[in-house]
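The values are calculated or read from the model by the stated rules, or taken from the named source; none is laboratory data. Source: prediction; values computed, not measured. Counting neighbours? That spans all protein chains shown, and the Cβs are built from the backbone with ideal geometry, glycine included.
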2 protein chains.
Amino acid sequence: MNPTIIMRTAIFSLTLAALPLFAQTNQPPAVEDFKPSTLNQPGKQYPQVNSERRVRARVVAAQAKSVMLDIGGVKYPLAKGEDGAWVGESRPQDEGFHYYQLVIDGAQVPDPGSLYFYGASRWGSGVEVPAADRDFYALKNVPHGQLRQTLFYSKSCNTNLQCFVYTPPDYETEPSKRYPVLFLQHGGGEDDTGWGNQGHAGLILDNLIAEGKAKPFIIVMANSYVPGSSYAFGRPSTNQPGASNSSSRGVTGPGGRRFDFSAFERVMTNDLIPFVDASFRTLPDQAHRAMAGLSMGGMQTRQIAMANLDKFSHIGIFSGGSISPTQLADMADFKQKVKVVFVSYGSREKGAAGKADIESLRKAGVNAVFYESPNTAHEWLSWRRSLCQFAPLLFQD
Amino acid sequence: MNPTIIMRTAIFSLTLAALPLFAQTNQPPAVEDFKPSTLNQPGKQYPQVNSERRVRARVVAAQAKSVMLDIGGVKYPLAKGEDGAWVGESRPQDEGFHYYQLVIDGAQVPDPGSLYFYGASRWGSGVEVPAADRDFYALKNVPHGQLRQTLFYSKSCNTNLQCFVYTPPDYETEPSKRYPVLFLQHGGGEDDTGWGNQGHAGLILDNLIAEGKAKPFIIVMANSYVPGSSYAFGRPSTNQPGASNSSSRGVTGPGGRRFDFSAFERVMTNDLIPFVDASFRTLPDQAHRAMAGLSMGGMQTRQIAMANLDKFSHIGIFSGGSISPTQLADMADFKQKVKVVFVSYGSREKGAAGKADIESLRKAGVNAVFYESPNTAHEWLSWRRSLCQFAPLLFQD
């Protein structure tokens, strides 16, 4: 594994480091009320999830010696039945979305039963443990927006880049209406498909808008692994990971590493924002532009929005740090420009510092909001809920 | 495997039936100029393709006893190296896109190196053998349209269904312009993602429009496996496969089987066309509406367009049969209503009957065009080329 991938896996695995590599095999018998995961491929019966929130995998591998379910950083051995199929269960998982894979005689492969999602720096399997509050991202018979796969030319990178753009339900029926824009970033090892696929961003907004809880706005989801990123993989990187320490701009991440997001910042400010304002019916000003992100995307939000307060008025950081009053050179200027600061964590993460920062910002007169997602860790249910809490705060002026 | 899947696999495997299940192992040594497939996951080095158009797979499976590359209906054994990785090559493949999988100790799984595509009734691996004429679907620095993931409510099915909609490059910049619409269908075992992902429909149109070779139009790509389909899988089917024989409407497919597409026809005519005309800036009349499809989608086009000539004026059938003058009850009416009939096949398919039908239609005064894709079979390069030939014929009045 090369150093850049190790670095990025470190971010992604933040909350998994303390877990053992292999599960204990003496789990109690599972409650037999398993149902197919809602993220299975059409017609596929496995993986399944039961009321204890255990995940049961099943795969036919007649000649295999060893098959394991690898989920949440833990490997669970499957047992072979007389039909040649290997079956086994995980321990109870948190509610929500989980990346996982199968390990068949040493080969790490996707489960042929699941749909595939980009995370952990690969396209791989995902399973959904039904959440008690899943109604907020359910597909309902309400007006739906569109999720648009969009190409734009980046002068900074001299190439075409891709982003996804959510347009709200009335975008096509109100041809003269203009909309605010949220730039919403994925986490480390993920890409521009994450918020639409794993995050259900479109369904969350459709439902909030239908209930009158959020104003209609456009969401732009770009891939932050642009050419030239010091944290890039899969494309030639002009900077090596260590080189970012000498940058004047950066964010300190887990383990004290510094991340330099300046290549993506150039794409955002020089290419993407102008493209979006030219190609969609936006309200193209600071008052109607927000940025948010999860994990590494939150770190990017902090760096890029804070350095461009003439462009962004609403800031959201989900499981990606916070903003302390001590970091603000000019509090009066910040308060004048920034309408909302939102910081969130899953309850199983270490969010106390973020909560204290938000409290300090509030005392200083900033419109700052802290949210803690109940019984979740560094995972997508925390971020779906964060978006659902953040969206109603946007563009209320 | 249940009967509906067997039936559908039969369509998909039409041209593969004559091939042996296992490859001969005495292939000559491969030319060592392998390059990563353009459809690999970011940063993944395998699969690779060489100048002979062989596909080389590599997967780490340290404890496996047997690993095979399964492509084009043929299984090629891989050999284990000292590093625990299994490596091996296929015979030369046709240029273009191919579905494939790995078989690891009997487990049929996706290759963790490739991107995934929906075909053969599953999400699985795809590999691209560079075609000499690949420029027509290359990503270029031209104005790009958008591919929109769109939900619509189907009264016929009492549920939300999904389709993808391509809007041409000037759709956002010409807010008062209205556009013709092509309804473009996937094949058996595929879905509404096929034309955008495997087919590169958006890039093909972007390039044709930029060169002035095609008029800008909207493309609607729906999933024809709607609830209630007699050829459905993965959802409860109200009809069994045999039941469609008693239908008054249907298409005879390979092996003399009849396919009843009436559930999808109801969705198309009652739900999808009205939704598209209400939600996009269409020219909502027969003169500006086309239907085309590949393989099973061609069969659907024949059934649905022919039964609704008040709604469609342009018909395209790619590797999915043809239209014979003997099938037309009223030739004068057909000629008056239908502006273009287009039929195509890959040169390795049996397209002679289609060519003869088109010749007969031409003699009868129909604007009918036949196209044969050189050196391809029942596969995506045939259909990419077919779209590229068909699009310039559309909406020329």
Item checked: Selection count, the range A:137-150, where residues are surrounded by 19 or more Cβ atoms within 10 Å (Cβ to Cβ) and more than 7 Å from every other protein chain (Cβ to nearest Cβ) -> 2
Next item on the list: From B:Y118, B:Y179, grab the single residue that is in contact (Cβ under 8 Å) with a residue 12 or more places away in the chain, aromatic (F, W, Y) and touching an Asp or Glu at 6+ places or on another chain (Cβ under 7 Å).
Entry: B:Y118
Notebook entry, point to check: Residues of the range B:286-307 being within 16 Å of the chain's Cα centre (by Cα), of a type outside the set (K, R) and either modelled with pLDDT under 95 or surrounded by fewer than 24 Cβ atoms within 10 Å (Cβ to Cβ) (or both), which ones?
Noted result: none
Next item on the list: Filter the range A:70-111 down to the residues that are outside any strand (DSSP E or B) and within 13 Å of chain B (Cβ to nearest Cβ), then identify the one that is farthest from the chain's Cα centre (by Cα).
Entry: A:D83
Next item on the list: Within the range B:112-126, track down each residue that is more than 8 Å from chain A (Cβ to nearest Cβ) and within 17 Å of the chain's Cα centre (by Cα).
Entry: B:F117, B:Y118, B:G119, B:A120, B:S125, B:G126
Check: Does the range B:121-136 contain any residue that is assigned to a strand (DSSP E or B), of a type outside the set (S, T, N, Q) and more than 22 Å from B:L381 (Cβ to Cβ)?
Finding: no
Next item on the list: Among residues belonging to the range B:50-69 that are of a type in the set (V, I, T) and within 11 Å of another protein chain (Cβ to nearest Cβ), point out the one that is farthest from B:P112 (Cα to Cα).
Entry: B:V67
Next item on the list: Pick out the one residue from A:A356, A:A368, A:A352 that is farther than 22 Å from A:G199 by Cβ, of a type in the set (G, A, S) and modelled with pLDDT under 95.
Entry: A:A352
Next item on the list: Report yes if some residue within the range B:38-49 is more than 10 Å from chain A (Cβ to nearest Cβ), in contact with an Asp or Glu (Cβ under 8 Å, 6 or more places away or on another chain) and buried (at least 22 other Cβ atoms within 10 Å of the Cβ); otherwise report no.
Entry: yes
Next item on the list: Would you mind telling me which numbered condition in (1) farther than 23 Å from B:R384 by Cβ; (2) within 23 Å of the chain's Cα centre (by Cα); (3) not in a strand (DSSP E or B) B:L161 fails?
Entry: (3)
